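All remarks here apply to the structure that follows.
Laboratory data are not the source of any read-out in this text; all were calculated from the coordinates shown. It should be emphasised that the depicted structure is a prediction, and the values quoted were computed from it without experimental measurement. Cβ coordinates were reconstructed from backbone atoms using ideal geometry, including for glycine residues, and neighbour counts include every protein chain displayed.
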Amino acid sequence: MHVHRKLIIRLLLVWIFLSVLIGAAVFFLEMRKIDAYVAALALEESRDFERAHGRFLNNPDQLHLERLREETREHIKDEHFIAVKLYNRDRELIAEANHPAVRLIEEKISRHRLDITLIDDVHFRKFFGSGGQIFVMVQIPLKTTGQETAGYFEGVYKAAPRTMAEIKNRILLSLLQVVVIIFFTALVIYPIVLSLNRGLIRLTGDLFHANIGMLKVLGGAIAKRDSDTNIHNYRVTIYAVRLAEAAGLQREYIVCLIKGSFLHDVGKIAISDRILLKPGKLTDEEMAIMKTHVRHGVDIVGHYDWLKDAADVVRYHHEKFDGSGYEVGLKGHDIPINARIFAVADVFDALTSRRPYKEPIALETAMRILMESRGSHFDPMLIDVFARIADSLYKEISGADDKLLENRLDGLIDRYFPTGHQKRAPG
Ligand SMILES: [Fe+2]
């Protein structure tokens with residue numbers, strides 16, 4: 001349904017855009033036609049003056065002057081032009097005639113005359129009356145038989161109502177054609193685009209599930225090294241996300257937190273069994289090697305773009321709030337928020353879960369231990385938030401079996417993993 005709506009809205013927008021574009025193009029072409037028509041008309045009418053009066057324009061006697069004035073009035077009568085002026089070659093007005101309709105647009109005519117100059121070429125300018133009526137002012141040089149400039153003809157043409165109606169009809173007809181053509185084109189391509197889109201969504205979904213599967217496999221691979229299942233990964237991820245939600249962390253950071261929680265110890269793949277599985281306490285040298293799992297983990301997740309989001313947790317999950325952690329020794333809020341959140345979840349799960357070498361610790365004892373490290377190991381704000389949710393979280397998660405945990409985790413993945421862009425968590 002969502003895809004249908006999106007597609008229809010886009011097609012509608014294209015439809016409107018093309019209609020406006022083609023409507024504007026048709027209007028522009030019609031205006032060009034009017035220009036050409038008026039220029040031809042003005043040329044034709046100016047020829048009359050040239051032939052009859054060309055050589056008298058610059059030295060008319062009283063008789064010719066009267067005839068020129070009479071002829072300008074004749075030009076008004078046939079309603080091609082509503083204003084006609086004749087100038088001599090010195091650009092002095094020698095005859096003019098105006099239709100009564102000119103009064104309504106006198107101000108516009110004088111405004112356009114100001115920026116039109118009498119030149120030795122056809123020159124025209126179009127403007128609109130208050131009712132959308134089209135006017136064209138045209139100026140044409142008048143020539144003698146020897147092709148010398150004898151004077152100038154200036155006319156203001158008013159498009160006849162019939163011409164205006166034809167223009168409107170042609171624009172409407174073109175728009176109607178565009179609307180109908182695009183409508184039928186959209187009808188034809190709609191199912192094709194829809195089918196392609198569905199295919200794309202299916203492929204994106206496949207890719208997403210492949211990535212999630214890889215996340216679980218990679219997390220599970222290292223879990224297999226030191227325990228039987230990756231249940232610790234499941235629990236610690238759920239704890240971390242619930243703490244992040246309670247602390248008000250933004251969705252895009254929680255996406256990074258999920259990946260990081262799953263892969264926090266992936267670098268242990270590079271640690272030898274002799275050290276990783278050693279039952280007793282590690283020597284200083286062995287501990288130094290063990291600490292390199294952080295660097296190895298960053299190397300591993302850094303090789304795949306989709307996993308790079310996990311780097312903050314992988315790199316900094318052993319840092320402590322007072323700066324006494326490893327392997328950088330970051331302090332306070334210099335430690336990325338996701339790593340600070342994960343540290344609480346990781347230690348809480350280590351305390352409250354059964355391990356080959358220890359029994360689970362009761363909730364109250366675990367919380368007391370966490371509280372003792374408030375401000376030293378852990379971010380005090382996060383510990384306070386965790387204290388508020390620990391009880392219900394513990395009851396729901398700590399004793400849950402693999403199936404239930406996997407369901408809970410899948411629920412989180414469905415909620416937080418968008419198909420769009422995810423940004424890196426800030427430091
Ligand atoms: Fe670790």
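For the chain, the dipole from Cβ point charges (+1 on Lys and Arg, -1 on Asp and Glu) about the Cα centre works out to 820 debye, to the nearest 20.
Compute the Cα gyration tensor for segment 210-416, then decide on rounded, prolate or oblate, letting a ≥ b ≥ c be the square roots of its eigenvalues: rounded whenever a/c is under 1.5, prolate when a/b is larger than b/c in the other cases, and oblate in all that remain.
Numbers: a/c = 1.17, a/b = 1.08, b/c = 1.09.
Here segment 210-416 falls in the rounded category.
When Rg is the radius of gyration of the Cα atoms in the chain and Rh is its Kirkwood radius, what does Rg/Rh come to?
Working: Rg = 42.8 Å, Rh = 29.4 Å.
Across the chain, the Cα-based Rg/Rh ratio is 1.45.
Projecting the Cα positions of 381, 81, 222 onto the charge dipole of the chain (unit charges on Cβ atoms of Lys, Arg, Asp and Glu, taken about the Cα centre) puts 222 furthest along the positive direction.
Any idea what angle helix 161-226 forms with the longest principal axis of the chain, computed on alpha-carbon atoms, 0 to 90 degrees, nearest 10? The two axes meet at around 10 degrees.
With a cap of 10 neighbouring Cβ atoms within 10 Å, and only residues DSSP puts in a loop, list the chymotrypsin sites (Phe, Trp or Tyr not before Pro) found in segment 1-34. Listed in order of number, the matching sites amount to none.
From the P(r) of segment 223-271, could you give the percentage of C-alpha pairs in the tail past 13 Å?
Working: 685 of 1176 pairs.
Looking at segment 223-271, the distances longer than 13 Å represent 58 percent of pairs.
Each helix, a run of at least 4 DSSP H residues, gives -39500 (n - 2.57); summed and divided by the residues of the chain, these come to -20500 deg cm²/dmol at 222 nm. Fully extending the segment from residue 16 to residue 3, taken as 0.36 nm per residue of separation minus the present Cα-Cα distance, adds 2.7 nm. Structure note, pairs 224/278; 33/126; 216/281: Cα-Cα distances above 18 angstrom occur for 216/281. Of all aspartates and glutamates in the structure, the ones whose alpha carbon falls short of 18 Å from that of residue 308, not counting any fewer than 8 places away in one chain, are 252, 265, 299.
Computed over neighbours whose Cβ is under 10 Å from that of residue 95, the net charge equals 0, Lys and Arg +1, Asp and Glu -1. Using a simple spin-label model with pseudo-atoms 7 Å out from Cα toward Cβ, residue 209 and residue 395 lie 3.6 nm apart.
If you take the beta carbon distance between residue 272 and residue 404 as r and set R0 to 35 Å, what does 1/(1 + (r/R0)^6) give as a FRET efficiency, to the nearest 0.05?
So the FRET efficiency works out to roughly 0.50.
Against the chain, whose longest principal axis comes from its Cα atoms, helix 102-114 is set at around 70 degrees.
How charged is the neighbourhood of residue 153? Take every other residue with its Cβ under 9 Å from the Cβ of residue 153, and add Lys/Arg as +1 and Asp/Glu as -1.
Values: positive: 85; negative: 45, 50, 154.
Surrounding charge for residue 153 is -2.
Relative to the first principal axis of the alpha-carbon coordinates of the chain, what is the inclination of helix 2-53, with its axis defined by its Cα atoms, in degrees from 0 to 90 and to the nearest 10? Relative to the chain, helix 2-53 is tipped by roughly 20 degrees. Look at the Cα gyration tensor of segment 193-310: its axes a ≥ b ≥ c give a/c of at least 1.5 with a/b over b/c, and that counts as prolate.
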